[in-house]
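Take a look at the structure set out below.
The values are calculated or read from the model by the stated rules, or taken from the named source; none is laboratory data. This one's a predicted model, so the numbers in the text were calculated from it and none came from an experiment. All Cβ positions, even for glycine, are placed from backbone atoms using ideal geometry, and neighbour counts span all protein chains on display.
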Amino acid sequence: MPVLIFRSGSDRTQWWLETFRERAPEIEVRLWNEPGDVSEVTHALVWDPEPGILAKMPNLKLIISLGAGVDHILDQVDRPPHVPVARLVDPGLKIGMVEYVVYNVLRFHRRMPDYRQQQEKQLWIERYQTLPSERRVGILGLGEIGVACAQALIALGFDVLGWSRTKKDIHKVGCFYGDEALKAFLGQSEILICLLPLTPETNGILGKIHLAALPAGAYLINAGRGAHVIEADLLEALGSGHIAGAALDVFQTEPLPKGHPLWSHANVTVTPHIAALTLPTTAGPVIADIVHAAQAGKPIPHRVNAKRGY
Ligand code: NDP
Ligand code: OXD
């Protein structure tokens, strides 16, 4: 019987336990703080494992991330390097990300932050409005989530561009790839959405130079990872007006420290890493499939390439 040790940073533990009990009773689930005999543990399902613990499980066969990203797991210095890592490709997570992205693109496209500020001053001013087909939206990262967001934005009529590491051909998406194409891509992105994984190559990708490459008055939506953005450079670009507004779900330090200037910036919307939550209803069956495949010696679904970092 596979023994899965579980650690979640959320308050959904009971829900997870019930989901496994109902949907995959053949998997024995143990909580992180009550691991029992650690030599029996074969699988770990974790968001943010405490350093040192995974290395103490001699028969661990697989580490599964509780999210789509794996930077928090790959970063662990004492992660047993021979144990494969899988990530979540979860329909519920995808829906949440699409909702967050579409909501914020529409908010910026229809200038809702400006109207909010007008309302505070009781000002009745009609602002210029463009069609979605005249609005270029650029997506950094054309993976599972990037493509789902691109499709939703295309369905609303937006002019969508995307940037990835390797070449893509996606219906109605202006596809750019590789470092050489990044500036050309950014130069056309009036609303830029970051949906990249955090890797050594993408760390700090949205700093002074790349922010300056965006069209004047561009908007930024970051739902990738906080370390993609150099926050001091973003604050400067917001201060000069080069960036008109930002919706930020992820931060260099989470929780975002009290008193951080992003909290109170008039043109920034802060959310506490909730663009999408991993819900047992949809993620439970995906995790059970991963465990079953690994048990049966089949290729592990959504296995991460640890060298590449995603
Ligand atoms: P995928 O692995 O499916 O896609 C990653 C995309 O990024 C791919 O298109 C990949 O290119 C591209 N990419 C990676 N490195 C580079 C690079 N150096 N240069 C250019 N492009 C690059 O990931 P998902 O779509 O499933 O998830 C993306 C990220 O979203 C997660 O890693 C996580 O950080 C974040 N996330 C945040 C959540 C939140 O609540 N805020 C929730 C869920 C995810 P290629 O296709 O060529 O390989
Ligand atoms: C994820 C996340 O990577 O929630 O899934 O950030």
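Quick notes
- Restricting Ala247, Ala237 to those that are within 16 Å of ligand 1 (Cβ to nearest atom), of a type outside the set (Val, Ile, Thr) and under 19 Å from Ala213 (Cα atoms) reduces the list to Ala247.
- Among the residues making up region 98-142, a single one is of a type in the set (Gly, Ala, Ser) and either loosely packed, with under 14 Cβ neighbours inside 10 Å or not assigned by TED's automatic domain parsing to the domain that holds Val250 (or both): Ser133.
- Any hit, region 40-53, residues being closer than 18 Å to Ala293 by Cβ, out of contact with any Asp or Glu (no Cβ under 8 Å at 6 or more places or on another chain) and among the aromatic types (Phe, Trp, Tyr): no
- Of all residues making up region 37-47, the number that are in contact (Cβ under 8 Å) with a residue 12 or more places away in the chain and exposed (fewer than 14 other Cβ atoms within 10 Å of the Cβ): 1
- Qualifying residue in region 264-275 (condition: closer than 30 Å to Arg21 by Cα and surrounded by 22 or more Cβ atoms within 10 Å (Cβ to Cβ)): yes
- Search result, residues across region 136-160 that are within 15 Å of ligand 1 (Cβ to nearest atom), closer than 17 Å to Glu190 by Cα and β-branched (Val, Ile, Thr): Ile139, Val160
- Sole residue being small (Gly, Ala, Ser), within 16 Å of ligand 2 (Cβ to nearest atom) and either under 22 Å from Val229 (Cβ atoms) or at pLDDT below 95 (or both), chosen from Gly92, Gly141: Gly141
- Residue ID - surrounded by the most Cβ atoms within 10 Å (Cβ to Cβ), chosen from residues in region 161-200 that are within 16 Å of ligand 2 (Cβ to nearest atom) and within 24 Å of His242 (Cα to Cα): Ile193
- Breaking point among (1) over 28 Å from Pro200 (Cα atoms); (2) out of contact with any strand residue (DSSP E or B) (no Cβ under 9 Å at 6 or more places or on another chain), for Ser10: (1)
- Annotation: of all residues in region 66-86 being without any contact (Cβ under 8 Å) to a residue 40 or more places away in the chain and not in a loop (DSSP other than H, G, I, E, B), the one that is surrounded by the fewest Cβ atoms within 10 Å (Cβ to Cβ) is His72.
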